[in-house]
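Here is the structure we will look at, set down as structure tokens.
The values are calculated or read from the model by the stated rules, or taken from the named source; none is laboratory data. Small disclaimer: the values here were computed from a predicted structure and weren't measured. As a convention, Cβ positions derive from the backbone with ideal geometry for all residues, glycine included, and neighbour counts pool all protein chains shown. Only protein heavy atoms, including side chains, enter the accessible area calculation; ligands, DNA and RNA are left aside. Shrake-Rupley method; radii C 1.70, N 1.55, O 1.52, S 1.80 Å.
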Amino acid sequence: MNMSPSSYAFLGLTAIVACLAALFTFALLRFITAAGDARRASARSNAADTAILSAALQEAVAKLKLQERAMAARAEASERLSGEIISSLTAGAIVVNLNREVTTLNPAGRRMLELPDSGLYVPSPRERPLLDVIDECLTTRKAIVRRGVTLAEVGRGVHLGVTVSPLFDGEGELHGAICLFTDLTAVKDLEEQLLLKDSLATVGELTAGIAHEFRNGLATIHGYSKLIDLKVLPEAYRPYIEGIRAETDSLSEVVTNFLNFARPAQLMLTRVDLRAICERVAEEIRPDALAHGGDVLVSGEFGAVEGDEVLLRQAFSNLLRNAVEACVGASVAAVVAIRSDVDATQKLAHITVTDNGPGIPPESRERVFQPFFTSKRSGTGLGLALVQKIIVFHNGRVVAGTSPAGGASMQVTLPLA
């Protein structure tokens, strides 16, 4: 079959188009394949990136949780340490908020305020002086340093040294106050003992000479009255001479007792068993109590002190004799009790002598230890003054109060050996 040149040209052109179409198709297929491979590679890459990101996030979360636990542990440890510090303080500590509510009161503070070891703190009128100082700090927003307050008690008060500081937050806003206080009662008692010792020494120096001369004059009067023979006197004058003799004897006894009181105390210090002293004195006074239907009882835990046995025995003898005489004077069967307790922490012995007599009026409890103060007709008023002098020179104290039976209570405190 003969073909024309144009047919050959058409066939050539068709072949060229077919080649181009095949080439395009091949290129398209290659492109599609490459695109699929790229998508698959991209998917694999994204999955790997997601896994890496997820692992990083998990690691960051774990670190944050670890830091959170560490911070919580530090906060708990800090709070526990703060609580241990507050609880271990020997001084009392009170934390108060702006509403004047006590949020913290440590064990030492509870002991000083004589409160239960646990439970909600409820203010009482007794603590009002202390709370007033805290209120002043919150009102003025200024610290109060070393102020003394006294909590009223029956018999004697409790003296506290108080320091209060306001509590501010990081922005300088007031949100409460902290109060630290210490019991200064022992210090106040020591100051009073020193003042009393000085006063007793001064009184002794000023009056001993006068009393001595006065006793000499009384001895002269008494001596001359003895020289007068009553038999040669008219009957009407004899009572006068007898009265002079009796009065000079009585005044001489008063002067002798006062000299004993005013004489400077010179202690012969030895180790003294308080139980032995109290039981011996009780044996001496018990017959007088039994004779009036009563008794003298000794009980409790006694300790030993460094003291003068003779003077201490004289002091307790005076206390017991006064108690029996007070009951007898009120026509009451005298039941006198000596009870002792030992404070091992403070190293003190507390001996209390109580009776069931008429007691001592509150207004007279401070005066009973003054020389020549007495409520008895035949008393000299030097018995309790001498008791106080003896106890004070043994670095102790004696306080008058009321017994459970309504009578008198003499509370003696002495330092243990």
Ranked packing of 216-223, 349-356, 179-186, most packed first, by mean Cβ within 10 Å = 349-356, 179-186, 216-223
ask   = What's the angle, to the nearest 10 degrees (0 to 90), between helix 185-227's Cα axis and the longest principal axis of the chain?
value = 0 degrees
Among beta bridges that DSSP assigns inside the chain, antiparallel share in %, nearest 5 = 90 percent
task = Apply 1/(1 + (r/R0)^6) to the Cβ-Cβ distance of Ala186 and Leu64, taking R0 = 60 Å, and write down the FRET efficiency to the nearest 0.05.
result = 0.60
task = Please work out how much length the chain gains when fully extended from Arg128 to Ala22, using 0.36 nm per residue of separation minus the C-alpha to C-alpha distance, in nm with one decimal.
result = 27.3 nm
request  = Have a look at Leu195, Leu416, Ile285 and report the one farthest towards the positive end of the charge dipole of the chain, computed about the Cα centre with Cβ charges (Lys/Arg +1, Asp/Glu -1).
outcome  = Leu416
remark   = Farthest towards the positive end of the dipole of the chain, among Ala152, Asn318, Tyr240 and with Cβ unit charges of +1 on Lys and Arg and -1 on Asp and Glu, lies the Cα of Ala152
Highest to lowest packing among 393-400, 94-101, 282-289, scored as the average C-beta count within 10 Å = 393-400, 282-289, 94-101
query = How much FRET efficiency would the formula 1/(1 + (r/R0)^6) give for Leu416 and Val232, where r is the Cβ-Cβ distance and R0 is 60 Å, rounded to 0.05?
reply = 0.40
ask   = Taking a probe of 1.4 Å, how large is the accessible area per residue of the chain, in Å²?
value = 62 Å²
task = Determine the sum of side-chain charges near Glu68: Lys and Arg each +1, Asp and Glu each -1, restricted to other residues whose C-beta is under 14 angstrom from that of Glu68.
result = +3
inquiry  = Just to compare against my own numbers: the Cα pair-distance distribution for segment 105-243, 10 Å bins, whole % per bin, please.
reply    = 9, 23, 18, 11, 9, 9, 9, 8, 4, 1, 0
Which of Gly109, Ser299, Gly407, positive extreme of dipole for the chain (C-beta unit charges) = Gly109
Reference-scaled alpha-carbon Rg (2.2 N^0.38 Å with N residues) for segment 210-356 = 1.45
inquiry  = Taking 0.36 nm per residue of sequence separation and subtracting the Cα-Cα distance, how much length would be gained by fully extending the chain between Leu195 and Phe168, in nm to one decimal?
reply    = 5.4 nm
message = If DNA, RNA and ligands are ignored and the probe is 1.4 Å, what is the ranking of Lys188, Lys347, Lys231 by accessible area, most exposed first?
response = Lys231, Lys347, Lys188
note = With all protein chains in place and a 1.4 Å probe, Thr50 shows an accessible area in Å² (nearest 10) of 90 Å²
task = Largest first and in whole Å, give the semi-axes of the chain's equivalent ellipsoid, each being the square root of 5 times a Cα gyration tensor eigenvalue.
result = 105, 21, 18
request  = Just the Kirkwood number for segment 71-187, please: inverse of mean 1/r across all distinct Cα pairs, in Å, one decimal.
outcome  = 15.1 Å
query = Where the accessible area of segment 321-397 is counted over protein heavy atoms with a 1.4 Å probe, how much of it, in %, is carbon and sulfur?
reply = 50 percent
query = Count of lysine pairs in the chain with Cα atoms under 21 Å apart, counting only pairs 8 or more residues apart in sequence or on different chains?
reply = 5
query = Can you pull the accessible area of Lys142 for me, 1.4 Å probe, Å² to the nearest 10?
reply = 140 Å²
inquiry  = For segment 212-281, which chymotrypsin sites (Phe, Trp or Tyr not before Pro) pass both filters: DSSP loop (anything but H, G, I, E, B) and at most 12 other C-beta atoms within 10 Å?
reply    = Tyr237
Accessible area, probe 1.4 Å, largest first, for residues Glu366, Glu247 = Glu366, Glu247
key: By accessible area with a 1.4 Å probe, ligands and nucleic acids excluded, highest first: order of Ser54, Ser340   = Ser54, Ser340
